[in-house]
Structures are given as structure tokens and as C-alpha cells.
């Protein structure tokens, strides 16, 4: 089997590759979004710590 | 005896301990998910033979079916850990439940979209009221309901308990919904025949399917740990262990 | 225990009859929604019959959904819900009393109104009687499941859309079997299976939903 035949997927290229592409996107989003969330949470806690130090409480 | 077990559970389910332990576990899950997933994809896309009825389009099965399994599995995990959280007041269980919902919803979404992309060449339409697709859609709604309730209540503790109870009610209902939808579908089934279920599957197709299912499970394990860590940090943001941890960063 | 049940039931009914006009609103809504469909589609007998079971059942579902708010909302706002929870009677019994009252005030009127709507939608007589039976078995389930939903959302501001998001997916089995029973009856076939299924779900809901509602109320009250 050669590569162009493989990408052609027997005429179903659009359906098969859209499915796999969307899967890749969903997987990546599942990886990236908690990482961003973590950054946000840490930044937020750091801000509170700073504020508390300034107000001296 | 029970007391010591209880103390042991409490120690291991403390967010601080979990936070330290999970850091060691995540790479293992992530790497094995990647390895098994790549191998499964290789077998599924290159080795598995062409289906005599559906041609190459059936290769969507290797993501569609594991995604659908995962969406159901994660809902179960969510309900069970929510139940543990409600009954034994273990905060970590609540965090796992809350962390699972977005992942499960994303898998339900994936199962729906790939199902409809598979349906187009098979049925001639992107959406057909097939029993499984319909059940999957309802499952997605159940996830949305859980997440909406979770975010609508300000107080974290009661948000966890309320949405957890909803997840449990949902789990009791899922079989009823599933069978009534299936029954409804057999009544109204005209020209469309459910092509998703194969009575017997070629072993070369089954192995990549199962490998992909395992890869998805491991992927979920890695992501749910990452998300639960976030929940632990956020919910314990005023406690000392989080403060000390953040100062060190 | 039984005394507490009746006491709360009659209290709710008495309170509801004090503002009667509010009582009629879900009913009017029910009739109104059903009326929209012949206007939107076509008023030919065949077309009406084809959609009648679904239209009537969906409208009944929405009417119950709209009325769910009054199950606990007022009690929550004026604090009598907290009083109920402090009472020595088991909360499950009290919940059951409130749900019964809710059904008498919305489910039962819907059942009584159903023949009229069956006539609107050109249903044959035997289908109308099945419609009544199916609603009779189905509407208590809607009240019972709805009670879980309201008790979870009663403290949320503007929880209306949230409530429907939570409750509607859980209503789907009732909708499928209720509407199908009417559909099948029109074709002169036996509806035993469908009605038995509704009865089974009713039994299940009757035994589990009040428990879940009681737990949900405690969660709501603890915040």
C-alpha cells in the first residue's frame, strides 16, 4: 500500500481524517486546558499572598 | 481494625498527600497512553484489513467506540466518587468527580461527532436517530447538567454534594434511558439499520480497538490526575501546604 | 407519621387554593402549547393524529416542568423548609407529602384536561382513554423526578433554565413510553407493555426519588 492510497482511505478520506483530526484536537484540548487552569490558579494564589503581605494580615 | 483502615484512608486521601503522589504517577500514565495509543493506531490504520461492507470508512471505529465507552465509564467513575464523597465525606473524591466531568463530556462530544462522520457515508446523513447516537446525546446532556449545577452553586462544598447527587441519580437513570431509547429505536427503525454493532469482528480489527480503549483509559487517568491536582490547589488555596508549595515555585 | 403526611398534604393544598389563579396557569399553558401545533403545521386529521401523542406528552412535560418551582420555592423563601427539616418526622415522608400535593395540583388537572386536547388533536376514543391512563401513570413520575431537580436548584438564583437542563434528560423514558402507548392505541394494538413499563418506573421512582430529594434538601439547607 502506498501513501497516497493510504490518505485516500478508499474514498472516505474526508470522514476518516476529519474524525481523527477532531480526536487529536479534543485530546490536545484536554491536555492544554488543565495546564492553563493550573497557571491561572497559581497566579491567583500568588496574588493573594502578595496582597496579604502588603496589608500585613 | 476498622479504625486503622479508616485512618489509613484519610491519610492517603488528603489533598496534600495526593498532590505529592500524583506527580509521580502522571508521567507513567501519560507515556503508556502514548505508546499504546500509537501502537493501536498503527494496527488500526495500517494492519487491520479493509471491511468488506463498509470499506475504509469503518476505521473511524477505532476512535468512535473507545470514546463512547469512555464517556460512559467516566460517568460511572464520577458517580461512584461523588457517592464516596457524599457518604464518607472524603474531599478528594469530590475533587475527582468534579475533575472528571469536562473530560467525560469531551469524550461524549467526540463519540457524537465521529459517529455522525461515520454515519454520513453509511446512512447518507450526518444525523440519524440511531439508538446509540441518541443515548450518547442524552449522556452529553447529563454531563452538561452536572457541570451547570456544579458551577451555579457558589459554596464549593454544597456544589460538590448537589452535583454529586445529580450524578448518582443520572447513573440510576442511564440504564432506563438506554433501554427505552433502544426500544424506541426498534419501533421506528425504517431503512436505517444499526451498523455499529458487528456480531463477530475480525481479530485484527478487535485488537486495535481494545488497544485504543486501553490508551483512552490511561489518557483519562493522566488527565483526571492533572485536573484533580488543580482542584486540590484551588480548594486548599488558603491552607498552609498550598501556600508553602506556591512560595517555593 | 401518617398524620404528618396528611397534615402537610392538606396544608399545601389549602395554601394552593388560596391563590387559585396561579393554580390554573400550568393548565392554560398546557392547552395553549397544544393549540400552537395545528396552527404551525396543518389541521388535517391525519397530520394531527400523527403528531398528537408526542405533542400532548411534550406539552404535559413542559407544563409540569414550569410548575415544579412551586414545589419547594415558596417554602425555601419563607423559611418553612428549614422548619420541615427540623421536624421529628422523617423527611422522606414529608417530601412524599409535598410531591403528592404537587401532583394533585398539576398532574391530576393535566389528566383531567387530556380528553379535551385529545379531541383537539382528533384522537380516536380508545386512544384518548389510553392517553388518560398513560398520563395517570406518567405525571406522578414527572413530579417525583422533578422534586429531586428543584431541591437541588432551589437556592440558585434564576435556576429555571438550570432546572430544565437537569430534569428534562431524566424525563425521556417517560416521554418515550407515554407517547408510544397513545400511538400504539391509535393503531388498535395492545398497550399493556407500555403501561406496565410506566407502572414499573413509577414504583421505582416512588421508592427512590423521595430519598434522593430528602438528601438533596439537606444539602441545600446546609449552605
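Shape analysis of region C:1-42 yields a ratio of the Cα radius of gyration to the Kirkwood radius, Rg/Rh, of 1.33. The share of alpha-carbon pairs in region C:2-221 lying farther apart than 25 Å comes to 39%. On the beta carbon distance between residue C:196 and residue B:76, with R0 = 35 Å, the FRET formula returns roughly 0.80. Sorting the segments B:235-243, C:138-146 by their residues' average number of neighbouring beta-carbon atoms within 10 angstrom, most packed first, yields C:138-146, B:235-243. Quick one: what does P(r) look like for region B:60-189 with 5 Å bins over all Cα pairs, in whole %? The calculated distribution, bin by bin, is 2, 11, 20, 20, 17, 12, 8, 5, 3, 1, 0.
Per the Debye calculation on region C:101-223 with a single equal scatterer at every Cα and no solvent contribution, log₁₀ I(q)/I(0) for q = 0.11 Å⁻¹ amounts to -0.42. Against the main long axis of the alpha-carbon atoms of chain C, helix C:69-78 sits at an angle near 20°. Measuring r between the beta carbons of residue C:189 and residue B:204 and using R0 = 35 Å, the FRET efficiency lands at 0.15.
Computed extension length for residue A:3-residue A:50: 11.2 nm, one decimal, from 0.36 nm per residue of separation with the Cα-Cα distance subtracted.
When the P(r) of chain A is calculated, the portion above 13 Å amounts to 73% of the C-alpha pairs. Using Cα centres only, tell me the gap between region A:7-27 and region C:1-74 in whole Å. The distance from the Cα centre of region A:7-27 to that of region C:1-74 comes to 47 Å. Does anyone have the angle between helix C:91-102 and the longest principal axis of chain C? Alpha-carbon axes, 0 to 90°, nearest 10? On a 0 to 90 degree scale, this one is about 40.
Compute the label zone of residue B:172 within region C:165-191: residues whose backbone N is under 14 Å from the point 7 Å along Cα-to-Cβ. Within reach of a label on residue B:172: C:170-171. In chain C, the longest principal axis of the Cα atoms and the axis of helix C:45-67 are about 10 degrees apart.
GNM remark for chain B: springs join alpha carbons under 10 Å apart, and the peak mean-square fluctuation among B:70, B:95, B:201 falls on B:201.
Note on residue A:28 and residue B:17: their simple-model spin labels are 4.0 nm apart, each label 7 Å out from Cα toward Cβ.
Average 1/r across all pairs of distinct alpha carbons in the protein assembly as shown, invert it, and you get the Kirkwood radius: 25.8 Å. Round to the nearest 0.05 the FRET efficiency obtained for residue C:18 and residue C:132 when R0 = 41 Å and r is the Cβ-Cβ distance. Efficiency, rounded to the nearest 0.05: 0.90. Along its first, second and third principal axes, ordered by size, chain B spans 62, 38, 38 Å in Cα coordinates.
Based on the reciprocal of the average 1/r between different C-alpha atoms, the Kirkwood radius for region B:51-105 equals 12.7 Å.
For the pair residue C:42 and residue C:116, label points projected 7 Å from Cα toward Cβ lie 2.8 nm apart. Label sites at residue C:74 and residue B:42, each approximated as a point 7 angstrom past Cα along Cα to Cβ, lie 7.0 nm apart. Coordinate range of the alpha-carbon atoms in region B:96-149 per principal axis, descending: 39, 15, 13 Å. Using just its DSSP H runs of length 4 or more, each adding -39500 (n - 2.57), the protein assembly as shown gives a mean residue ellipticity at 222 nm of -28500 deg cm²/dmol after division by all residues. Over chain B, what is the relative contact order in whole percent, taking alpha-carbon pairs under 8 Å and six or more residues apart? Dividing the mean separation by the residue count of chain B yields 34 percent.
Bear in mind that the values in this text are calculations on the coordinates, not laboratory data. All figures in this text were calculated on a predicted structure; none of them were measured in a lab. Quick reminder, even Gly has a Cβ in these numbers, built from the backbone with ideal geometry, and neighbours come from all protein chains shown.
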